[in-house]
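The block underneath contains the structure these notes are about, expressed in structure tokens.
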Amino acid sequence: MAFHVDKLEKRWLWIIGALVVMTWVVQIYGAAVTDLHPPSNVEAVDSAQIHLASSGGEFAEDKIGTSRDADGKLVVRMVAARYGFYPQRIDIPQGEEFTLRVVSFDVLHGIYVPGSNLNLMIVPGYASQVTTQLNMLGEVPYVCHEFCGPAHAYMYGVFNVVPKDQFKLAAASAGGQG
Amino acid sequence: MSVISDERLVPRTQAVDLTRQANRLGLANMWVAFGSFALAIPMGLYQVAERSNLFPAAESADLYYASVSTHGVLMAYVLTTFFIMGYGYHAAIHSLNQPLWSPAFSWTGFGLALLGTVLAAYALLTGQASVMYTFYPPELAILPFYVGVALLVVGSYFWVADMIIAMMIWRRANPGRAVPLVMFGFAMTALLWGWTSMGAVLEVLFQIIPLLLGWVDTIESGLARTLFSWTLHGIVYFWLFPAYIAMYTLMPREAGTKLFSDEFARIAFVMLFIFSVPIGFHHLYMDPQQEAGWKLLHMFGTFMVAVPTLITGFTVMGTLESSGRLRGGKGLFGWVARMRWNNPATLATILAMGMLTFGGFGGVINASYAMNALIHDTQWVTGHFHLIFGGTTVIMYFAVAYWAWPLMTGRALASRWLAVWQLWTWAIGMCITTGPWHIIGLLGQPRRVDTLEAYGPAINATLMPHMAIMMVGSVMLTVSAILFVWILVATHLNPRRAATTEVAYAVAVHQPMQVPNLLNSLAFWNWAMLAYMVISYGYPIAQFWIINAPQSVPYGY
């Protein structure tokens, strides 16, 4: 049976193989050594009851916003609902690692901060979570980046990034207007 | 009128019947495809104008999202499916030199797909299905939209069956012989479409339609996204596959040369199939409902799809080089100038390869497990797939149309000179449009937004120059599209007869009479796909019954 492989083709196949292995190595390095993973905490929530104390109340009106958990780590809790994020304005110390936890009240949303790796899908029924930091200073806009309805482009808010020494934890604030 | 080289073996009347069958199915399907394309083009122009903030009179969120949804469905589902069916029928009948087993069956599929298109178009054009072509629940359009999309897919399954049956009949009649490359490619395309469409079909049939009919009250949105990811990457390769088939089996003859390798084309087809579907999680990297390990697994397969593309790049460039050398090109790069730049199929292939190279680099970022976070859901993604689909893929659809129209209508191409200009303006227009999209995506603009209000004047000021440039590109694309449709119509009505209506496909430098069975049949790869799918999607789908997360009620938009 004739199966013709050109000499040049053989060399090219080695190059292709090397390219694929190289990309894999870079990807594995990122995941295993720098411990950089996409947001993937599979954690169910009841989107219809997130505001109720009976559902644990993590995202109740008086709990959302910036706070510190028991071991002192910074946690930001948010609710996304057409067409706004609650709270809309969030204070964050510059360069300090924080965990963003966000849930949808209704449909599919997303949250994205330009110029950062803060990029999350918000799927109803699941809590989305990412741990990251913002290194820029001042008002950093964030947007909903997944189509959620006709006013989708008006669903946005602001991270107010302040120098670490000026950051004070306010009493958890209620949601803003979208 | 004759059909490929085995004409002696086929009675004259049968050859005429075959040609008529191929022409009718080919033209009917392709006119629906390019008609939809013509309808979707001005919508694209409107969307660019609307989101640029340069034309206050064009501002309308409702119109914008209705337009984006319709543009997406027409381009991604209707243009592609009908074009591929038409090209596939034409290729199957001519390359195998055998009639379809049942023309009535084929026309039934065409009718169902057309009915589905009309239903979906009704919902979209009346603004009742502005849910994007990705239609993620729990936001829902009206029922006719989903029924329409489902019928379009069901209609295309008749074509899938036709392609596979045609190849089986031929193999039985020609034991041991290599299936013509073009047919092997289309059979693989059909099998790929059968597999990859299944995710969205399951989502529509078992999740969305029951919800709209009131049989169930809630929907699992995470499962819906997972099922759609099953379709979302493979479908892109379904669109791209015929473009590759044209590069392998149509371009070499048009370029006046032979295909560099038949066997490696088959290997590329097989790999394009097997690595296209079980890797959809790169669309879910930023999703909360799937674990990181599964995303990593899909990442490995995602990078494997580079292999058939790099093989194709090599074989196609080798073929182009030989055409340049046959026409007197000397030295390391002397052949470049001697390629048949004024031949539409050759030129389209060269331009497609260029866009594929740039688009491929962008794809590496998208496929990256961690770097994806920088660009997910930004305008970068829109730029990427317009370069790969609107650029590389659709420009090859144009090339196929310029090749097939004289064959199918018996009329001479209205103007080869205009066709060449049309291809250049399309490629340049696509680069001018998608270049700024990549940049504004990196600057932070999400895709699918009708206004830039979110970021305030400072950031918007940095986006404006790019907005102006993309307007120029879009106008160029629109002019090019009008030119394309005009050339097709003018060819169809051309009083001048085509010089030849003989359909012939490229032969390879070493044309094989026989090839290994793995590169000549579908069964093994079908089972391999099943195994790969069970591994990559088995648990990620089953987990939803284990987690049992609270579901969503449906929402309008």
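The values are calculated or read from the model by the stated rules, or taken from the named source; none is laboratory data. On a predicted model such as this, the values are computed, not experimentally measured, just so you know. Note: ideal-geometry Cβ built from the backbone for every residue, glycine included; neighbour counts use all protein chains shown.
Remarks
- The lone exception for B:W101 - which of (1) at pLDDT below 95; (2) under 30 Å from B:H386 (Cβ atoms) it fails: (2)
- Residue match in segment B:341-361 (condition: within 14 Å of chain A (Cβ to nearest Cβ) and touching a strand residue (DSSP E or B) at 6+ places or on another chain (Cβ under 8 Å)): no
Here is a yes/no grid of residues against (1) within 17 Å of A:F59 (Cβ to Cβ); (2) more than 9 Å from every other protein chain (Cβ to nearest Cβ); (3) at pLDDT 95 or above:
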position	(1), (2), (3)
A:Q88	yes, yes, no
A:R101	yes, yes, yes
A:D106	yes, no, no
A:G110	no, no, yes
A:P141	no, no, no
A:F147	no, no, yes
A:Y154	no, no, no
A:Q166	no, yes, no
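- Filtered residues of segment A:112-126 (kept if at the interface with chain B (Cβ under 7 Å from one of its Cβ atoms) and either at pLDDT 95 or above or over 11 Å from the mean Cα position of the chain (by Cα) (or both)): A:Y112, A:P114, A:G115, A:N119, A:L120, A:M121, A:V123, A:P124, A:G125, A:Y126
- The set of residues in segment A:29-73 that are within 12 Å of chain B (Cβ to nearest Cβ), part of a helix (DSSP H, G or I), small (G, A, S) and over 17 Å from B:Y285 (Cβ atoms) comprises A:S47, A:A48, A:S55.
Residue-wise test of (1) in contact with an Asp or Glu (Cβ under 9 Å, 6 or more places away or on another chain); (2) closer than 16 Å to B:M251 by Cα; (3) not hydrophobic (A, V, I, L, M, F, W, C).
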| position | (1), (2), (3) |
| --- | --- |
| B:T319 | no, yes, yes |
| B:G334 | no, no, yes |
| B:W341 | no, yes, no |
| B:L347 | no, yes, no |
| B:L351 | no, yes, no |
| B:T357 | no, no, yes |
| B:G360 | no, no, yes |
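- Taking segment B:32-44 as the range and being in contact (Cβ under 8 Å) with a residue 40 or more places away in the chain and surrounded by fewer than 19 Cβ atoms within 10 Å (Cβ to Cβ) as the test, the residues that pass are B:A38, B:P42.
- Boolean, A:G84 is within 12 Å of chain B (Cβ to nearest Cβ) and closer than 21 Å to A:V130 by Cα: yes
- Among the residues of segment A:54-80, just one is in contact (Cβ under 8 Å) with a residue 60 or more places away in the chain and touching an Asp or Glu at 6+ places or on another chain (Cβ under 8 Å), namely A:T66.
- Meets criteria (among the hydrophobic types (A, V, I, L, M, F, W, C) and buried (at least 19 other Cβ atoms within 10 Å of the Cβ)) for A:V113: yes
- Test: residue in segment B:294-308 that is touching a residue at least 40 places away in the same chain (Cβ under 8 Å), among the hydroxyl-bearing types (S, T, Y), touching a helix residue (DSSP H, G or I) at 6+ places or on another chain (Cβ under 6 Å) and under 18 Å from B:I279 (Cα atoms): yes
- In the set (1) crowded, with 17+ Cβ neighbours inside 10 Å; (2) within 14 Å of chain A (Cβ to nearest Cβ); (3) more than 27 Å from B:E291 (Cα to Cα), the condition left unmet by B:Q551 is number (3).
- Flag for B:S5 being surrounded by fewer than 17 Cβ atoms within 10 Å (Cβ to Cβ), out of contact with any helix residue (DSSP H, G or I) (no Cβ under 8 Å at 6 or more places or on another chain) and either at pLDDT below 85 or within 28 Å of B:Y122 (Cα to Cα) (or both): yes
- Considering only residues in segment B:284-300 that are surrounded by fewer than 24 Cβ atoms within 10 Å (Cβ to Cβ) and more than 7 Å from chain A (Cβ to nearest Cβ), the one that is nearest to B:M529 (Cα to Cα) turns out to be B:L297.
- Top-ranked residue in segment A:7-42 [being buried (at least 17 other Cβ atoms within 10 Å of the Cβ) and over 26 Å from B:Q290 (Cα atoms); ranked as farthest from the chain's Cα centre (by Cα)]: A:E9
- Test result for B:V154, in a helix (DSSP H, G or I) and either within 14 Å of another protein chain (Cβ to nearest Cβ) or touching a residue at least 60 places away in the same chain (Cβ under 8 Å) (or both): no
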